[in-house]
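Right, one structure below, let's go through it.
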Amino acid sequence: MSILTVAGIQFDIAWEAPEENFRRAEPWMRRGAAAGGRLVVLPEMFATGFSMNAREICRHAPAVRDFLSRMAAELGVWVAGGYAEPGDTDEDRPRNACSIFDPDGEERLHYQKIHPFSLAGEHEHYAGGETLPTVEIEGVRTTCLICYDLRFPEPFRIAADATDLYLVIANWPEVRSAAWSTLLRARAIENQAYVFGVNRVGDAEGTPHNGRSALFDPLGHPLIAAEHQEAVLVGTVDSQRVVRNRERFSFLADRRPGTYQDLP
């Protein structure tokens with residue numbers, strides 16, 4: 001099977017309040033699963049908001065992971081969500097992470113944000129990740145990136161040959177929402193793959209977020225979108241469409257990575 005129904009949860013995140021955010025997210029997740037979503041996606045740091053209080057909020061990582069696992073098993077769907085987690089040692093900075101759990105509640109993908117957002121000082125509180133994993137979800141090869149990663153085409157292109165669907169979970173503010181929408185579409189077009197951006201809405205310590213979550217197809221056409229309000233966005237991804245599009249328009253095959261490395 002190569003067709004996957006995805007459900008993005010765009011909701012208002014309570015600041016540094018995991019239990020409240022579990023309470024808020026759960027009915028939306030149930031609604032997404034009831035609408036046929038086989039992959040339910042929550043935003044970046046959905047349990048706390050994009051907080052720089054890293055060493056405090058990373059203590060909630062076990063509870064966040066338990067919530068994601070429990071909801072996946074209870075609903076019988078795949079679940080993706082972002083959270084802060086401790087570093088490898090007490091001296092290491094925490095990481096901004098995303099996990100995907102399968103319908104048995106088992107973790108199948110664990111990604112750590114490669115590019116901390118230096119404009120907000122994230123790099124001073126969180127360490128950048130070093131790997132870019134992909135997981136196959138019901139025939140759809142899925143790669144997850146987080147928020148600021150969207151501004152860097154390199155990891156998208158590196159993963160392109162093994163990816164049908166990019167998930168981009170975020171706490172992307174309204175003031176830069178034009179860049180968010182434009183870059184989501186650009187990543188879909190240039191990599192000939194689906195891109196599903198799942199963002200939050202609401203105010204985060206004085207910073208407004210308008211969502212603009214959206215699913216783009218391999219040609220960059222928007223399939224679903226929502227802004228300014230809480231919503232479940234449900235759409236369909238077809239991995240065979242990725243294959244057909246890449247065969248018909250063989251742009252990726254015309255890359256010359258060896259030449260790029262030698263350019264001045």
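Bear in mind that the values in this text are calculations on the coordinates, not laboratory data. Computed from a predicted structure; not experimentally measured. Quick reminder, even Gly has a Cβ in these numbers, built from the backbone with ideal geometry, and neighbours come from all protein chains shown.
Check whether at least one residue in the range 229-246 is under 15 Å from the mean Cα position of the chain (by Cα) and closer than 25 Å to ALA120 by Cα, and report yes or no.
no
Which one of the conditions (1) out of contact with any helix residue (DSSP H, G or I) (no Cβ under 9 Å at 6 or more places or on another chain); (2) surrounded by fewer than 23 Cβ atoms within 10 Å (Cβ to Cβ); (3) of a type outside the set (A, V, I, L, M) does PRO153 fail to meet, given that it meets all the rest?
PRO153 satisfies all of (1) out of contact with any helix residue (DSSP H, G or I) (no Cβ under 9 Å at 6 or more places or on another chain); (2) surrounded by fewer than 23 Cβ atoms within 10 Å (Cβ to Cβ); (3) of a type outside the set (A, V, I, L, M) except (1).
Could you check the range 1-19 and list, in sequence order, the residues that are more than 16 Å from GLY82 (Cα to Cα) and either touching a His at 6+ places or on another chain (Cβ under 6 Å) or buried (at least 22 other Cβ atoms within 10 Å of the Cβ) (or both)?
Within the range 1-19, LEU4, VAL6 meet the criteria.
Can you pull out every residue in the range 54-76 that is crowded, with 22+ Cβ neighbours inside 10 Å and closer than 24 Å to VAL6 by Cα?
If the condition is that a residue be crowded, with 22+ Cβ neighbours inside 10 Å and closer than 24 Å to VAL6 by Cα, then VAL64, PHE67, LEU68, MET71, ALA72 are the ones that fit.
Would you be able to say whether some residue in the range 114-124 is within 24 Å of VAL234 (Cβ to Cβ) and either crowded, with 18+ Cβ neighbours inside 10 Å or out of contact with any helix residue (DSSP H, G or I) (no Cβ under 9 Å at 6 or more places or on another chain) (or both)?
Checked the range 114-124: no residue is within 24 Å of VAL234 (Cβ to Cβ) and either crowded, with 18+ Cβ neighbours inside 10 Å or out of contact with any helix residue (DSSP H, G or I) (no Cβ under 9 Å at 6 or more places or on another chain) (or both).
Please determine, by comparing only the residues of the range 79-94 that are farther than 13 Å from ARG65 by Cα and either among the small types (Gly, Ala, Ser) or out of contact with any Phe, Trp or Tyr (no Cβ under 6 Å at 6 or more places or on another chain) (or both), which one is surrounded by the most Cβ atoms within 10 Å (Cβ to Cβ). Quick ask: steps written out before the conclusion?
Let us first name the residues in the range 79-94 that are farther than 13 Å from ARG65 by Cα, namely 87-94.
Subset that is either among the small types (Gly, Ala, Ser) or out of contact with any Phe, Trp or Tyr (no Cβ under 6 Å at 6 or more places or on another chain) (or both): 87-92.
Details: GLY87: 16, ASP88: 9, THR89: 6, ASP90: 7, GLU91: 6, ASP92: 10.
Ranking the candidates gives GLY87 first.
Could you please find all residues in the range 89-125 being within 26 Å of PHE22 (Cα to Cα), out of contact with any Pro (no Cβ under 9 Å at 6 or more places or on another chain) and acidic (Asp, Glu)?
Of everything in the range 89-125, those that are within 26 Å of PHE22 (Cα to Cα), out of contact with any Pro (no Cβ under 9 Å at 6 or more places or on another chain) and acidic (Asp, Glu) turn out to be ASP102, ASP104, GLU106, GLU107.
Do we find that ARG256 is without any contact (Cβ under 8 Å) to a residue 60 or more places away in the chain and buried (at least 18 other Cβ atoms within 10 Å of the Cβ) in this structure?
Taking the combined requirement at face value, the residue does not satisfy it.
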